[in-house]
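Asks: Structure incoming, see below.
The values are calculated or read from the model by the stated rules, or taken from the named source; none is laboratory data. Everything numeric in this text was worked out from a predicted model, so none of it was measured. Cβ placement follows ideal geometry from the backbone for every residue including glycine, while neighbour counts extend to all protein chains displayed. Note: areas computed on protein heavy atoms with side chains; ligands, DNA, RNA excluded. Shrake-Rupley method; radii C 1.70, N 1.55, O 1.52, S 1.80 Å.
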Amino acid sequence: MIKDNLNDIRQQINEACVKANRLPEEVTLIAVSKTKPISMLEEVYHCGCRHFGENKVQELVEKYEALPKDIVWHMIGHLQTNKVKYIIDKVSYIHSVDSIRLAQVISNEAKKRNVTMNIFIEVNIAMEQSKFGVLKEDAFALVKEISQLPNIKIVGLMAIAPYVVNSEDNRQYFVNLRELCVDIRNKNLDNVTMNELSFGMSGDYLVAISEGSTFVRVGTSIFGNRK
Ligand SMILES: *Cc1c(COP(=O)(O)O)cnc(C)c1O
């Protein structure tokens with residue numbers, strides 16, 4: 001089941017890349033395993049997947065301890081400053097940075113452990129009240145401020161698009177975020193590479209890839225529905 005889902009998704013990703021004149025290696029599939037048991041993550045691991053995403057600190061730490069150490073962990077959920085210390089040496093990417101305060105704590109903890117943390121700036125692209133993230137117009141100022149902190153690399157922008165029935169409805173949001181990413185990249189700030197775009201979920205990852213996504217975060221289409 002999981003194996004079939006993954007095969008389907010990988011094939012669709014490849015086709016979307018070909019259509020968009022992109023190389024499949026440019027797109028990393030993150031298996032979003034929140035709420036799912038370790039046995040299911042093991043199954044996904046044995047199908048060759050090495051990137052996993054979680055949105056809760058405690059769950060991420062438990063799964064990290066239980067699973068092979070060559071997994072690349074992504075923190076994709078809202079992160080409280082007092083919990084950064086638990087994941088700083090476990091995750092390779094934090095996708096949900098939307099304040100200078102959080103970035104400062106990440107920087108401090110990373111410095112203590114002598115690591116550099118890769119972060120995404122989360123942007124609230126559709127200006128939804130229910131969502132975290134900075135507004136588009138505030139993103140550059142935040143990037144600029146964070147870029148001055150040690151032990152942090154800003155690799156790109158992240159967004160959670162609205163839930164829609166027709167994935168095409170999210171295309172313009174992805175275009176806007178890609179353009180914002182290019183604008184910021186062109187400022188050539190220290191510690192800011194801005195080569196990555198983290199968007200696209202089960203409902204819209206193919207549209208996301210056609211608009212430049214480099215990390216798609218897929219849960220339901222791999223693992224089935226969550227309770
Ligand atoms: C749950 C979640 C996903 C995956 O959503 P699906 O629709 O199940 O693919 C992606 N990104 C974030 C931030 C999530 O919390």
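Asks: Before we move on, is residue 198 within 13 Å of the ligand (Cβ to nearest atom), in contact (Cβ under 8 Å) with a residue 12 or more places away in the chain, buried (at least 19 other Cβ atoms within 10 Å of the Cβ) and closer than 30 Å to residue 112 by Cβ?
Replies: Details: within 13 Å of the ligand (Cβ to nearest atom): yes; in contact (Cβ under 8 Å) with a residue 12 or more places away in the chain: yes; buried (at least 19 other Cβ atoms within 10 Å of the Cβ): yes; closer than 30 Å to residue 112 by Cβ: yes.
The answer is yes for residue 198.
Asks: Out of (1) crowded, with 21+ Cβ neighbours inside 10 Å; (2) more than 12 Å from the chain's Cα centre (by Cα), the odd one out for residue 67 is which?
Replies: Residue 67 satisfies all of (1) crowded, with 21+ Cβ neighbours inside 10 Å; (2) more than 12 Å from the chain's Cα centre (by Cα) except (1).
Asks: Sticking with this one: How many residues are over 19 Å from residue 30 (Cα atoms) and away from the ligand (no atom under 16 Å from the Cβ) when one looks only at region 90-100?
Replies: Kept after step one, since they are over 19 Å from residue 30 (Cα atoms), are these residues of region 90-100: 98-100.
Restricting the remaining residues to those that are away from the ligand (no atom under 16 Å from the Cβ) gives 99-100.
Count: 2.
Asks: Does residue 127 meet the test of being modelled with pLDDT under 95, open to solvent by 20 Å² or more (accessible area, probe 1.4 Å), among the aliphatic types (A, V, I, L, M) and out of contact with any Cys (no Cβ under 7 Å at 6 or more places or on another chain)?
Replies: On the way: modelled with pLDDT under 95: yes; open to solvent by 20 Å² or more (accessible area, probe 1.4 Å): yes; among the aliphatic types (A, V, I, L, M): yes; out of contact with any Cys (no Cβ under 7 Å at 6 or more places or on another chain): yes.
In short, yes.
Asks: Residues of region 67-94 being over 18 Å from residue 108 (Cβ atoms) and either of a type in the set (Lys, Arg) or touching a Lys or Arg at 6+ places or on another chain (Cβ under 8 Å) (or both), which ones?
Replies: Residues satisfying the conditions are 69, 70, 71, 72, 73, 74, 76, 77.
Asks: Does region 138-147 include one or more residues that are open to solvent by less than 10 Å² (accessible area, probe 1.4 Å) and under 24 Å from residue 90 (Cα atoms)?
Replies: Taking region 138-147 and keeping what is open to solvent by less than 10 Å² (accessible area, probe 1.4 Å), we get 139, 143, 146.
Narrowing the set further to residues that are under 24 Å from residue 90 (Cα atoms) leaves 143, 146.
The answer is yes, given that some residue of region 138-147 is open to solvent by less than 10 Å² (accessible area, probe 1.4 Å) and under 24 Å from residue 90 (Cα atoms).
Asks: Then there's this: Go through region 108-124 and count every residue that is surrounded by fewer than 16 Cβ atoms within 10 Å (Cβ to Cβ) and assigned to a loop (DSSP other than H, G, I, E, B).
Replies: Going residue by residue through region 108-124, those that are surrounded by fewer than 16 Cβ atoms within 10 Å (Cβ to Cβ) are 112-116.
Retained after the next criterion (residues that are assigned to a loop (DSSP other than H, G, I, E, B)): 114-116.
Number of matching residues: 3.
Asks: Do the conditions hold for residue 96, that is, is it under 29 Å from residue 138 (Cα atoms) and modelled with pLDDT of 95 or more? Full working, then the answer.
Replies: Details: under 29 Å from residue 138 (Cα atoms): yes; modelled with pLDDT of 95 or more: yes.
Answer is yes for this residue.
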